[in-house]
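The values are calculated or read from the model by the stated rules, or taken from the named source; none is laboratory data. As the structure is a computational prediction, the values presented were derived from the model and not from experiment. All Cβ positions, glycine included, derive from the backbone under ideal geometry; neighbour counts span all protein chains shown.
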Amino acid sequence: MRAIITARSETDDEVELTALPDPRPAAGQIRIRMAGAAVNAADLHIIDNARGEAGAGGPAPRLGLGLDVAGVVDAVGPGVRGLTVGTPVAALTFPHAPYSAAGAAAEYVIVPAADAAPVPDGVDLLDAATVPLNSLTAAQLLALLGPAQGRRLLVTGAAGGVGGHAVALAARAGWQVTGLARATDHTFLTRAGAEKTCTTLDGESGFDAVLDTALLNEAALRAVRDNGAYAGVFPGLEPASERGISVSSAVVVPDGILLREMLALTAQGVLEPRRAGTVPLDKAAHAYRAFRAGGHRGRWVLTN
């Protein structure tokens, strides 16, 4: 199969296409023939870490890329129930998990069947590829903040991948949501369910909780009331607690049951999939360059 991996050295392009043996699913696993794989910030971290090792004089690791995959089941391992060959599915996967042949950016992707969810009718597979990481991260972080009950929530980076899903999920749950983003994102955030949008934190305070996808840290914490709650997206980078504010963060984990719910909400229009563009695997370097350059909305999606 063809797969995208990190490049050989600092002087190469960021990624390259390579040939790997076709993987086979073991017990409890499925093999997905990839239709779409989203490019995420986590991919840039993998690339940068590999380049750092090469720059330090060591051999450059050859690492797979891609965490979001959507496609069609084309093989199942022993013991799999409920997912059969031909079923359109999406999943969150990790390139360095023991079961991974590469990452999601490959022709074939192995995942535990429990981590995958069927893609509902009416949801394009390329759109579905943008859903797993963003929606699961948003849902799992919101769960750290407690019940909504009409409480006030600030979402920073609200028009980003995780932030946009967080606004929609929080509004649906009953939070009074304020989204921090560019002025040009006002229409999208209002459509997602934000009661208010802002472009700076000047004058913003008294929130019961903040979901800080923009990594504003202390600046975001200052907008939270005493004894409120803060949730960050990178464990170890969150600010120190103060004024009785609970501070937490979490690493997203695959969850096929929760992903099924997120895909259903996508089909219902509650969650809005956004694509910056689509690029075939053999042109993947363009998508990684464009993602690093920023300025886009939505995810670049690699296709087979």
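General observations
- Positions within segment 94-114 being modelled with pLDDT of 95 or more, surrounded by fewer than 18 Cβ atoms within 10 Å (Cβ to Cβ) and part of a loop (DSSP other than H, G, I, E, B), in sequence order: none
- As a summary of the residue check, residue 166 satisfies the conditions (1) touching a Cys at 6+ places or on another chain (Cβ under 9 Å); (2) within 19 Å of residue 297 (Cβ to Cβ); (3) not polar (S, T, N, Q) except for the one numbered (1).
- Number of positions in segment 77-93 that are crowded, with 20+ Cβ neighbours inside 10 Å and part of a loop (DSSP other than H, G, I, E, B): 1
- Per the conditions (1) among the acidic types (Asp, Glu); (2) surrounded by fewer than 15 Cβ atoms within 10 Å (Cβ to Cβ); (3) touching a Phe, Trp or Tyr at 6+ places or on another chain (Cβ under 9 Å), the sole criterion not satisfied by residue 242 is (3).
- Test: residue 133 is at negative phi, surrounded by 24 or more Cβ atoms within 10 Å (Cβ to Cβ) and either assigned to a helix (DSSP H, G or I) or not assigned by TED's automatic domain parsing to the domain that holds residue 194 (or both): yes
- Boolean, residue 50 is more than 30 Å from residue 274 (Cα to Cα), at pLDDT below 90, in a helix (DSSP H, G or I) and of a type in the set (A, V, I, L, M, F, W, C): no
- Residues in segment 139-197 that are among the aliphatic types (A, V, I, L, M), farther than 24 Å from residue 222 by Cβ and surrounded by 20 or more Cβ atoms within 10 Å (Cβ to Cβ): 139, 168, 169, 192.
- Of the residues examined, residue 61 is not one that is at pLDDT 95 or above, surrounded by fewer than 22 Cβ atoms within 10 Å (Cβ to Cβ) and not β-branched (Val, Ile, Thr).
- Filtered residues of segment 278-295 (kept if out of contact with any Lys or Arg (no Cβ under 9 Å at 6 or more places or on another chain) and either within 30 Å of residue 172 (Cβ to Cβ) or outside any helix (DSSP H, G or I) (or both)): 278, 279, 280, 294, 295
- Any hit, segment 185-199, residues being out of contact with any helix residue (DSSP H, G or I) (no Cβ under 6 Å at 6 or more places or on another chain), in a strand (DSSP E or B), of a type outside the set (A, V, I, L, M) and in the same structural domain as residue 277 (by TED's automatic domain parsing): no
- Selection within segment 200-230 - under 15 Å from residue 179 (Cβ atoms) and under 23 Å from the mean Cα position of the chain (by Cα): 209, 210, 211, 212, 213, 214, 216, 220
- Within segment 124-164, the residues that satisfy the criterion of being within 10 Å of the chain's Cα centre (by Cα) and among the hydrophobic types (A, V, I, L, M, F, W, C) are 129, 131, 133, 136, 138, 162.
- Exclusive hit being among the aliphatic types (A, V, I, L, M), in a loop (DSSP other than H, G, I, E, B) and without any contact (Cβ under 8 Å) to a residue 60 or more places away in the chain, set 270, 210, 251: 251
- Pair list, Cβ under 7 Å, 6 or more apart: segment 126-155 residue under 21 Å from residue 104 (Cβ atoms), other residue among the basic types (Lys, Arg) and surrounded by fewer than 24 Cβ atoms within 10 Å (Cβ to Cβ): 126/275; 127/275; 130/274; 130/275
- Considering residues of segment 4-23 that are under 23 Å from the mean Cα position of the chain (by Cα) and among the aliphatic types (A, V, I, L, M) only, the residue modelled with the lowest pLDDT: 7
- If the condition is being touching a strand residue (DSSP E or B) at 6+ places or on another chain (Cβ under 6 Å) and without any contact (Cβ under 8 Å) to a residue 40 or more places away in the chain, then segment 194-206 contributes 194, 195, 196, 197, 198.
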